[in-house]
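The values are calculated or read from the model by the stated rules, or taken from the named source; none is laboratory data. Source: prediction; values computed, not measured. Every residue, glycine as well, gets a Cβ built from its backbone with ideal geometry; the counts of neighbours run over all protein chains shown.
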Amino acid sequence: MSGTRRRGHAPAARGRGNGGGGTRLTRRGRILAWGSGVTALVVLGVGGVGAWIYQDLNSNIQQADVDDKLGGDRPVNLSPGSKNIMLVGSDSRDGANAKYGKDLTTMQSDTLMVLHIPANREWASVVSFPRDSYVEIPSCEKGDGSTSSPHHFKINEAFALGGTGGKVAEAAACSIKTIESNTGLRIDHFMSIDFSGFKGMVDALDGIEVCPEQAIHDTKSHLDLPAGCQTIKGEKALGYVRTRYSIGDGSDIGRIGRQQEFMDAMAKKAKSKLTDADAMYGFLQSVTKSLTADPDLAGIQPLYGLANELKGIPSDRLSFLTVPNYGREADEPSDKANVVWQYPQAADLFTSLAKDKEVTKAQVEAAKKDVVYASSVKVQVLNGTGIGGRAAAVGERLTDAGYSLAGTGNAPGTATKTTVTYPPGLQRQAAALASRLPGVSAVEDASAAAGVVTLVVGPELKVDDVA
C-alpha cells in the first residue's frame, strides 16, 4: 500500500473507563505480542529454517490488495519512514467458527488495533479500538458489489460491511477507510488472522496458563472455567479471549485488557519453545494458514524484515494503548451498548502518532480522567462562508456526534478561516470541540455569548471534516 493523500487532521477520541477484567495472568509486564497477526512477528524473526519449510509456510499466507478500494482522499503520512499497520482479529463464522454466532452471513472483526512504528525504530505503540466504538462508517465497497452509505455505527461493522461477500480485501478496505477518516492516521499495511488460527497457535504451544479470580460461565463464548490458575487450549482458550458479559464489568474495554495479557503470555511461551521444532512448526503453520495481509507484507521475508525492525525496541518503550472513551449513554441515554471517543484526548493521541511523537500509557491514562461529554458542550454555529446552508450542515454533523446545538445563523461578515471562541469558564468544552476540526484552536473571548461555544465556519472547513 502506498501513496500520500490527506484527510488533513488527526481527529480525536472519547473514553469510557478502565473496565475491570477480574482475571490475572501469572506473568504480567510489558506487552510483547501485538494482537491479531503480530504474535507471528515475534516468532517469524527466527532464522535458520530449512528451504522447504520456508516455502511451505510462505505459501500459506494469503494476500489481499486493497489499494484500488481506498479512494484518493486519504491522510498524508506526516512522518516519512514511520509505519501504521492495522491488525484485525477476524471471525468468518464459517466452518469451525460457525457456532460462535448465529445468523451471521458476513465476516466479523473481533479485535481491531493499529501498530505504530516510528521512523527511528526506538519505540512502538499499539492502539486498540474498542469494537463498540460509535463512529462514522464512510461509504464502502461491499463484497456483494453494492456500496454502503455513510452512517454512524459500531466500528467493527466496517469489516462486516466490506466482508459481505466473504472477501478479506473489501473487509479490510472498509476498516482502513473507517480508521483513516476517524483518526487522520495513514494506514500503510494490514494483517488479519482468524479465530481458527488462534486456537491452532495455542494448541501448538500446549496451552496457556491463566488465573481467573472468579469462575467464568459464559454461554455466548461457550466457556466454563473454575477460578484459579489453569492451562487452557483449544475452544477454552478461544472462549477466554472472547468472553465479555460474564466477567468483570462486561465491557469491551475489560476484554481488550484480557486479550492483551493473553497475547503477552502466548508470545513469551512461544519464545520459550524456540528449540522445540515440532511445537514451533505447528505454531507457525497455524499462524501462516490464518494470516492475510496486503501484498507488501504477505510473505515470510517481509514479516521477517518487520520482526527485525521491532526486536531492537526496548521493552520499556513498547506501549499498549486503548483509545480514550466513555459510554455513549452520557450523550444518548437510550444507548447503553456503545462507547464514544473522548475529545480532545483522542485527538491528541492520534496527532502525536501522526507526527511520530511517543505516547505512553501513563500519559493516556492521566489525560482521560478529565472527561468532557459532548452533550455538555452547547455550540452555536455561524456561517462565515457566504454559502447558504453551511451552518445547518455543520450543526447537523455536530448533533450526530452528540453535541448540543444552541442554534445556527450567519456570521456578521465573511470569515477568512474557521474559528472557535468561548467565554471565560468554557475552555475545556471549547478545546473538546476544536480538537474535532482540522487546524482549529479555541480562543477565549470575553464578549462571547455566555454558556455557549461559538463556531464560525470558514471557507476551508469541509462538512465532511467535522468528525
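What to note about this one:
- Considering (1) crowded, with 24+ Cβ neighbours inside 10 Å; (2) of a type outside the set (D, E, K, R); (3) more than 23 Å from residue 145 (Cβ to Cβ), the lone condition that residue 189 does not fulfil carries the number (1).
- Per the conditions (1) crowded, with 19+ Cβ neighbours inside 10 Å; (2) assigned to a helix (DSSP H, G or I), the sole criterion not satisfied by residue 392 is (1).
- Restricting 132, 194, 144, 206 to residues that are more than 17 Å from residue 467 (Cβ to Cβ), surrounded by 23 or more Cβ atoms within 10 Å (Cβ to Cβ) and charged (D, E, K, R) narrows the list to 194.
- Qualifying residue in the stretch 327-334 (condition: closer than 26 Å to residue 205 by Cα, in contact with a helix residue (DSSP H, G or I) (Cβ under 8 Å, 6 or more places away or on another chain) and buried (at least 18 other Cβ atoms within 10 Å of the Cβ)): no
- Per-region count, the stretch 257-293, residues more than 28 Å from residue 322 (Cβ to Cβ) and either in contact with a strand residue (DSSP E or B) (Cβ under 6 Å, 6 or more places away or on another chain) or in contact (Cβ under 8 Å) with a residue 40 or more places away in the chain (or both): 10
- If you go through the stretch 222-243 and keep only what is part of a loop (DSSP other than H, G, I, E, B) and surrounded by 21 or more Cβ atoms within 10 Å (Cβ to Cβ), you end up with just 243.
- Qualifying residue in the stretch 77-85 (condition: modelled with pLDDT of 50 or more and farther than 30 Å from residue 358 by Cβ): no
- Close Cβ contacts (under 7 Å, 6 or more residues apart or on different chains) running from residues in the stretch 294-309 that are in the same structural domain as residue 188 (by TED's automatic domain parsing) and over 20 Å from residue 123 (Cβ atoms) to residues that are assigned to a loop (DSSP other than H, G, I, E, B) and at pLDDT 85 or above comprise 294/64; 294/65; 294/66; 295/65; 298/61; 299/61; 302/296; 303/297.
- Hey, residue 184 of a type outside the set (Val, Ile, Thr), modelled with pLDDT under 90 and more than 27 Å from residue 282 (Cα to Cα) or not: no
- Residues of the stretch 148-176 that turn out to be in a helix (DSSP H, G or I), of a type outside the set (Ser, Thr, Tyr) and in contact with a Phe, Trp or Tyr (Cβ under 7 Å, 6 or more places away or on another chain), as a count: 4
- Set side by side, the residues 265, 298, 330 differ, and just one is among the hydrophobic types (A, V, I, L, M, F, W, C) and more than 29 Å from residue 234 (Cβ to Cβ), which is 330.
- Any hit, the stretch 422-434, residues being of a type in the set (Phe, Trp, Tyr) and more than 30 Å from the chain's Cα centre (by Cα): yes
- Hits in the stretch 198-231 - residues which are in contact with a Leu (Cβ under 7 Å, 6 or more places away or on another chain), closer than 21 Å to residue 90 by Cα and of a type outside the set (Phe, Trp, Tyr): 199
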